[in-house]
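Everything below concerns the one structure shown next.
The values are calculated or read from the model by the stated rules, or taken from the named source; none is laboratory data. Everything numeric in this text was worked out from a predicted model, so none of it was measured. FYI the Cβ positions are ideal-geometry reconstructions off the backbone, even for glycines, and counts take in every protein chain you see. Note: accessible area is taken over every heavy atom of the protein model, side chains too, but ligands, DNA and RNA are not part of it. Shrake-Rupley method; radii C 1.70, N 1.55, O 1.52, S 1.80 Å.
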Amino acid sequence: MILVFLFMPNIFNLKMLYEQIDATIGGSNDYHTGHINIFNLEDLHLPKNRKPNYARRNFYKITLITGQNRIHYADQYKDINGTALVFTNPNIHYFWEIMNEKQSGYMCIFTEPFFTRFGNIKDYPAFQSVDFAVLLLDETEAEIYYNLFSKMYEDLHSDYAYKYDLLNHRLMEIIHEAQKKHSSSKAFITSANAAQRLTDNFKSLLESQFPIDFNYQIISINSASAFAKQLNVHTNHLNKVLISITGRTTTQWIHERILQEAKVLLKTTNWTVAEIAYSLGYNEPNQFSAFFKSKMNVNATKFRKSFND
């Protein structure tokens, strides 16, 4: 009999979150399905000097925060020094580093089932990429969002019989306001032209293969020609379009995304380098090792050890 051991990255769930922030459950009754809760950050007991934990969450979170913070993602970080709206979701590993003790704002957490009446949450740009994750706000914008979150907080603690329906609508208002700001700042572009549509389709197809949660998952589209075939265009055309829209080649996009996932898996799992290599579409582990070292100037084993140390 062959025993197959399946490993997946650590999951940071709602129960663990409530234990960490020293808060009662509150919110909607069932936090496995359809849960939502809103916290005033000044009421929370946030742990200090936390060790970085890039475990995947099983819930969504929108945070309105004023203070000095740094949010680490798989291969980058974003600084906040002022007020920002931060979107985090189960598909993106992150670690939140609090840079000073003076923090204010609100945190809204919710599960995907709570959102389902509006459709697929993954269709909303706010929850699609790291690029959208942090939205810096000026004083006027901050006041708008503070009013929205304050209303949600009051609704949650009210006796209104239909408060969860109302909270759904408030949540959507926050998401749409954020997406409008992102569009107007040209940080998020939804052009109707063919080149932009092809670029968007390529990005969606690339991202659809991630994250990798189990070591039996293997990405099957990992070359420029494979993507071009899936998108029904010539390889050279796809490459030309991506360069014109993004300034990066098809191969650069693929390699950067594979490298990002490789870092996450090395940080968050106990999979062997060979298992990670196979999951990322490499038939030979030494090919992956050569790729990783060429990009990071250190081999995968030393990268993992330096992070764990």
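Ranking 99, 107, 296 from most to least accessible surface, computed with a 1.4 Å probe over the protein chains only, gives 99, 296, 107. Counting charges near residue 83 (Lys, Arg +1; Asp, Glu -1) among other residues having Cβ under 12 Å from its Cβ returns a value of -4. The figure for residue 163 is an accessible area of roughly 40 square angstrom, using a 1.4 Å probe on the protein chains alone. Per q in 0.20 Å⁻¹, report the Debye log10 I(q)/I(0) for the stretch 267-309, using one uniform scatterer on each alpha carbon and no solvent. Normalising to I(0) and taking log10 leaves -0.59. Pairs exceeding a 24 Å alpha-carbon distance, out of 78/163; 181/203; 151/181; 203/305; 61/181; 122/180: 78/163; 203/305.
Cross-link partners for residue 302 among the lysines, with Cα-Cα distance under 21 Å and sequence neighbours closer than 8 places in the same chain left out: 51, 263, 267, 293. Spin-label model, residue 19/residue 252: points 7 Å from Cα along the beta carbon direction are separated by 4.5 nm. Remark: spin-label model distance residue 120-residue 193 equals 2.8 nm, labels positioned 7 Å along the Cα→Cβ axis.
Dividing the Cα radius of gyration of the stretch 231-307 by its Kirkwood radius returns 1.06 for Rg/Rh.
One chain, two ends: residue 97 and residue 158. Fully extended at 0.36 nm per residue, the span grows by 18.7 nm beyond their Cα-Cα distance. Give the aspartates and glutamates whose C-alpha is closer than 14 Å to that of residue 15, dropping any in the same chain fewer than 8 places away, or say none. Excluding near neighbours in sequence, the set is 30. With the cut-off at under 16 Å, measuring from each backbone N in the stretch 234-272 to a point 7 Å along the Cα-to-Cβ line of residue 200 picks out 242, 245-246. Here the convex hull built on the C-alpha positions of the stretch 121-274 has a volume of 171 cubic angstrom per residue.
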